[in-house]
Amino acid sequence: MSHFVRIFTLLLMGVIVSQAQTINPEKCKGYILQKSAAKTTVADPAEDSYDVKWVKFDLKMTNLNTSLSGSVTTKASVVAGSLSSYVFELNALYTVDSVLINGISCAFQNTGDVWTVLLPNPIAQSLFFVAQVFYQGTISSGSAFFSTGIRTQSSPSWGNMVTYTMSEPYESKDWWPTKQSLTDKIDSADIWITVPSSLKAGSNGRLKAITAMPGNLYRYEWKTKYPIDYYLLSVAVSNYTEYSFYVPFTGTNDSMLVQNYIYNNPQFLTTYKSKIDSIGIMLQYLSKLFGRYPFWQEKYGHCVAPLNGGMEHQTMTTLGNFGTTLSVHELGHQWFGDNVTCGSWHDIWLNEGFASYIEYLFVEKFWNSGMGLQYMANKHNNILPFDTSTVYVADTTNENRIFDGRFTYDKGASALHTLRFVFNNDSLFFAGLRSYQNQFSGKTAITADFKTVMQQTLGQNLDTFFTQWIYSKGHPIFNVQWNQVGNLVLLRLNQTTSDPTVNYFTTPLEVMFHSNQGDTLVRIDQNKNPQIFKFNWSKTPIGLTVDPNDWLLDAPGLINYDATLGIDQTINKQLTIYPNPTTTQWQIDPVKAGIVASFIDLSGHELWNKKLQSTQLIIPAQHLPVGVYFLKLNDNNQITTWKLIKQ
């Protein structure tokens, strides 16, 4: 899902402006413990006494208000020892007219939004039952995410009135009698929506029929046979027109439907047609990366609505506009979020971090690598000044924290980018993502499941990676000192972190050495702190850049030339430098006539280089800025370096 701040994000190359949420989670071996206040996805534990197999909606709606009337039927099997009452969730503002259990009318009562239906006889374990709830009513329309699960709004740009549903994470109860459990996917669903003849009703799956009904009404009969989570069921009603087409799968005779319910204003299609058509390119590209679009035998589509962003309703995204990165974000969710759904709201990054990273992948592939690099840099720059939380969500009672743009979306995407860098093999990395899709297709997964799949793919333990980048706060800061001795370049890496809970991040790292003769990129692995690395390099470095390709979420540290790094200071130890520090000059003696002396500033820039003609050397200092300098003496490749201080 792209929450209300995301629309501006997606138009501005991924820079998110949501407020950071500060939390203080308990930790155990690097893993955040669930708080006692954390919300489970069911309001009453009795809901977990049954397993939902099928639901059927038969509702009347209009685009003028949020009024609903009709019934929802649920077929389920008993998983408890026995079932003596059927418990579901529904907003208490609705009037429940009756409830039938296996065709028999039963007494019911509610405490707030939790409804309990007393069964005439207990139902034994493993047996099926059918519950049909007849209800009606109108609730206040929301506008922002997390306000209400159903809303009626007018498009400020196009004028169309739309009634549409938005259930994530805990709002499906605002429009249907539901069990809000992430781990209980519904095996199949029929969604029948009756609307005035001037309107269309879009929903999940395939449109099986449009049936004329009395009173100049039409019933839109949708059906999905793929497993679906409660919050991914949706309905949108408006005076839509349809713009649809088929997309072929390269190298096969198969194709799939892309079905779009758009505003009936002709200018809407004129404005967005090329972007809607590009959905085909996105489908083909993401199918290549992650495996064929998981619901291809039904469709992919959109219902437009006055929404600042989008919501990845399975096979039928609700979308505010067809901005490229917004569209590919929501399409990416069909793999990561819909086909494989996070098993808890703690692990929502498995949905949102992945979809946000898919934005980057698309930009990198179809725009250009430079824009891709900037896209990731923008995400990092959005996080770094406010990096006070983890990717993993500790407090699932706070919907704004669950969908925090910095930590769930951008930091989640950044963690995936770093994991790709750890793999250092794109074929293997994307094979791991396809394996994750295959193993958990139609199911739910948590972070530990994803870690297991990627470990198996890489053949390497990833405990440290997930502890650091998913379950811990903060980011590394790399402080570097460097020197060149002959053809040997030395680099001293001293890492600090933005949060004291992590001593240092064990990680690979790229360093770019710059030279007038050309640049060289090296990859190192920091597994202790501090750590010294040595490289054979015949060019003369003039500086270096840490993490030039933004593989890591890291803040810039100090990069200094240190002419004493790696030098044996015992050579010519009888040499005297005075005064040091100085304000006027340094006098150095005795030196050996005929050796080569270099005078270097703190950045590594050589100020002068000359062959000495006497045994005494005087270096004027009046004209020099205050700071640290180095004198390097080269006697037949025996090098001595001395630190000089100007006050």
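The values are calculated or read from the model by the stated rules, or taken from the named source; none is laboratory data. The shown structure was predicted, so the numbers you read here are calculated from the model rather than taken from an experiment. When we count neighbours, we look across all protein chains shown, and the Cβ atoms used for this are built from the backbone with ideal geometry, even at glycine.
With respect to the stated conditions, Gln526 fails to be polar (S, T, N, Q), surrounded by fewer than 15 Cβ atoms within 10 Å (Cβ to Cβ) and either assigned by TED's automatic domain parsing to the domain that holds Phe505 or on the phi > 0 side of the Ramachandran plot (or both).
Taken over the stretch 599-623, the residue count meeting the criterion of being touching a Lys or Arg at 6+ places or on another chain (Cβ under 7 Å) and in contact (Cβ under 8 Å) with a residue 40 or more places away in the chain is 0. Please go through the stretch 614-647 and give me each residue that is under 49 Å from the mean Cα position of the chain (by Cα) and part of a loop (DSSP other than H, G, I, E, B), ordered by number. Pro625, Val626 - these are the residues of the stretch 614-647 that are under 49 Å from the mean Cα position of the chain (by Cα) and part of a loop (DSSP other than H, G, I, E, B).
Would it be correct to say that Leu257 is closer than 15 Å to Thr315 by Cα and surrounded by fewer than 21 Cβ atoms within 10 Å (Cβ to Cβ)? Yes, satisfied. Checking each residue of the stretch 99-110 against the condition of being within 35 Å of the chain's Cα centre (by Cα), under 16 Å from Val72 (Cβ atoms) and not basic (Lys, Arg) gives no match. When Tyr230 is tested against (1) over 24 Å from Glu168 (Cβ atoms); (2) touching a residue at least 40 places away in the same chain (Cβ under 8 Å); (3) of a type outside the set (Asp, Glu), just one condition goes unmet, and that condition is (1). Of all residues in the stretch 101-142, those being without any contact (Cβ under 8 Å) to a residue 40 or more places away in the chain and either part of a loop (DSSP other than H, G, I, E, B) or not assigned by TED's automatic domain parsing to the domain that holds Asn65 (or both) number 6. If only residues of the stretch 44-77 that are part of a loop (DSSP other than H, G, I, E, B) and either outside the structural domain of Ser140 (by TED's automatic domain parsing) or surrounded by fewer than 21 Cβ atoms within 10 Å (Cβ to Cβ) (or both) are counted, the one that is nearest to the chain's Cα centre (by Cα) is Asp44.
The selection criterion, being outside the structural domain of Asn339 (by TED's automatic domain parsing) and either surrounded by fewer than 16 Cβ atoms within 10 Å (Cβ to Cβ) or of a type in the set (Asp, Glu) (or both), holds for Ser369.
Taking Leu607, is it surrounded by 15 or more Cβ atoms within 10 Å (Cβ to Cβ) and either closer than 21 Å to Val489 by Cβ or of a type in the set (A, V, I, L, M) (or both)? Against the criterion (surrounded by 15 or more Cβ atoms within 10 Å (Cβ to Cβ) and either closer than 21 Å to Val489 by Cβ or of a type in the set (A, V, I, L, M) (or both)), Leu607 does not qualify. Scanning the stretch 211-228 for residues that are assigned to a strand (DSSP E or B) and either over 21 Å from Thr444 (Cα atoms) or in contact with a His (Cβ under 8 Å, 6 or more places away or on another chain) (or both) yields a count of 10. When residues in the stretch 361-397 are screened for being closer than 22 Å to Glu330 by Cα, assigned to a loop (DSSP other than H, G, I, E, B) and over 15 Å from the mean Cα position of the chain (by Cα), 2 of them pass. Determine, yes or no, whether Val114 is hydrophobic (A, V, I, L, M, F, W, C), within 35 Å of the chain's Cα centre (by Cα) and under 30 Å from Gln267 (Cβ atoms). When the stated conditions are applied, Val114 does not pass them.
Out of all the residues in the stretch 407-415, is one or more among the β-branched types (Val, Ile, Thr) and within 14 Å of Phe354 (Cα to Cα)? Checked the stretch 407-415: at least one residue is among the β-branched types (Val, Ile, Thr) and within 14 Å of Phe354 (Cα to Cα). Restricting the search to strands (runs of 3 or more DSSP E) fully inside the stretch 252-360 and requiring at least 3 residues that are touching a residue at least 40 places away in the same chain (Cβ under 8 Å) gives 255-263, 300-304, 340-342. The single condition from (1) crowded, with 17+ Cβ neighbours inside 10 Å; (2) under 30 Å from Ile639 (Cβ atoms) that Lys473 fails is (2). Quick check on Ala555: is it assigned by TED's automatic domain parsing to the domain that holds Asp525, surrounded by 16 or more Cβ atoms within 10 Å (Cβ to Cβ) and not polar (S, T, N, Q)? Spelling it out, Ala555 is indeed assigned by TED's automatic domain parsing to the domain that holds Asp525, surrounded by 16 or more Cβ atoms within 10 Å (Cβ to Cβ) and not polar (S, T, N, Q).
Go through the residues of the stretch 290-306 one by one and say whether even a single one is among the charged types (D, E, K, R), within 16 Å of Gln437 (Cβ to Cβ) and surrounded by 20 or more Cβ atoms within 10 Å (Cβ to Cβ). No; the residues of the stretch 290-306 include none that is among the charged types (D, E, K, R), within 16 Å of Gln437 (Cβ to Cβ) and surrounded by 20 or more Cβ atoms within 10 Å (Cβ to Cβ).
The number of residues in the stretch 454-499 being among the acidic types (Asp, Glu) and either in the same structural domain as Asp554 (by TED's automatic domain parsing) or modelled with pLDDT under 95 (or both) comes to 1. Applying a threshold of 6 Å to beta carbon distances and a minimum spacing of six or more residues, or different chains, the list of pairs starting in the stretch 145-166 at a residue that is in contact (Cβ under 8 Å) with a residue 40 or more places away in the chain and farther than 18 Å from Met316 by Cβ and ending at one that is buried (at least 17 other Cβ atoms within 10 Å of the Cβ) and among the hydroxyl-bearing types (Ser, Thr, Tyr) reads Thr152/Thr66; Thr152/Thr163; Trp158/Tyr263. Taken over the stretch 168-198, the residue count meeting the criterion of being of a type in the set (S, T, N, Q) and assigned to a loop (DSSP other than H, G, I, E, B) is 5.
The set of residues from the stretch 276-304 being more than 20 Å from Val363 (Cα to Cα) and not basic (Lys, Arg) comprises Pro294, Phe295, Trp296, Gln297, Glu298, Tyr300, Gly301, His302, Cys303, Val304.
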